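The values are calculated or read from the model by the stated rules, or taken from the named source; none is laboratory data. Model, not experiment: these values are computed from the prediction. We place every Cβ from the backbone using ideal geometry, glycine too, and count neighbours over all the protein chains shown.
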Amino acid sequence: MKKSVGMVVVLWFGSLWVLAGLAGAAPLFSESLLDKSTEVYSLDASTTLFIDRIDHRIQALDLSRNTIKWELDLPAIYDSRVFTNPHKIIIITSENNHPRKVVLSAEGKILSSQVFTRIVLNSQVKQVAWTFSAANHQEELAVAYSDRLFFYQAPWFKASRTVSYALKEYSRRYENVALDRVWLEFPYAVLKLRGGALVQGRDLYRVLNLSSGGSYTLSMPWNLTTSGRIEGEELVVTRSSIAGSPGGIDVNRANPVYTRYALPTGKVNIELTKTFSSIDSNWTSDYFNHRLMLMNSETGQLEEYDQQANLIGAHAFTGTPSGVRFVGYRGNQLWLLKYQPSGGAELITVNLMNSSGAPQP
């Protein structure tokens, strides 16, 4: 189904961005697209794919024409992958309490579907992850029950192995621990957990090497939200502050906002840090298609960085650095989804300036 989306044009006036809406335009995007659990992929230079795990919906947005090209509603979304050359979209959903793998074209056409009828998704299932077959491993599903991962391969009759991810161990350190996400990229399984104590919380990334049996845990700073993804042999993690968090943020010290960890060792390959002088300062970071967007309330700057954390360009902004998702770029232009107080989210564009204050080429 296609529908028009309200468009907001961002004009550059000195040090501010001004949002100029089209007459009669109304926000038509769900606020769930602003949530960090919604995954955002680039299908081509002008098409962005949203995998909305809250509303269980897939949408392809044409940024240039400002229209939704296609959308698909599902009963659940556990995992997703986007492959290129040719484009294929893999979704792990469910059907009658069994995992279902759906393969879509870039145009939203269902190319194939497979239901794993021997695997039951009951109330104890926390997450499901999928990985493709390659020269050194088979296609595999990982299902998280309780504190263990159960791995299934063809012919999918029963689990070929199980691995503990030590949830009970974390439960002794935190008042509550929840499993938020699982990524499977052989030989690694990466689990994102959230540990809470009193009114505080921190994210933990548990990395399991399925070949060697080794494991390690990356503990994030307290009271931040994080997003992760696997790119090759690296785990990419972005961090954002939580506005109104008790105690505010750590001041006068380097706060990591973007880190690329080596999956084999957990060592930092690349890291971008920022230092803040006020506990009331806030920032948000978002990673899309090998680019990082950072909004910093203390400097009033929206900044774009490449994979290596090199600054590409910047733009001044007013307001709070929250309720924004980075959803596209072309040359000096960025596309963002921005929360609107009236409800929903609108699409806006931003033109970056380089360090000398001139427009980016």
Gly343 vs. criteria modelled with pLDDT under 90 and either more than 19 Å from the chain's Cα centre (by Cα) or outside any strand (DSSP E or B) (or both): yes
Filter result (farther than 18 Å from Arg65 by Cα and either buried (at least 21 other Cβ atoms within 10 Å of the Cβ) or modelled with pLDDT of 95 or more (or both)) within segment 318-337: Pro321, Val324, Arg325
Residue count for segment 14-42, restricted to those that are at pLDDT 50 or above, among the small types (Gly, Ala, Ser) and not in a loop (DSSP other than H, G, I, E, B): 2
Top-ranked residue in segment 292-319 [being farther than 18 Å from Trp335 by Cα and hydroxyl-bearing (Ser, Thr, Tyr); ranked as farthest from the chain's Cα centre (by Cα)]: Thr299
Segment 244-261, subset modelled with pLDDT under 90 and over 20 Å from Val199 (Cα atoms), residue surrounded by the fewest Cβ atoms within 10 Å (Cβ to Cβ): Asn252
Hey, Val182 modelled with pLDDT of 95 or more, crowded, with 18+ Cβ neighbours inside 10 Å and under 23 Å from Asp79 (Cα atoms) or not: yes
Pair list, Cβ under 7 Å, 6 or more apart: segment 331-353 residue closer than 12 Å to Phe317 by Cβ, other residue crowded, with 16+ Cβ neighbours inside 10 Å and of a type in the set (Lys, Arg): Leu336/Arg325; Ile348/Lys338
Count of residues meeting criterion [in a strand (DSSP E or B) and not small (Gly, Ala, Ser)] in segment 51-73: 14
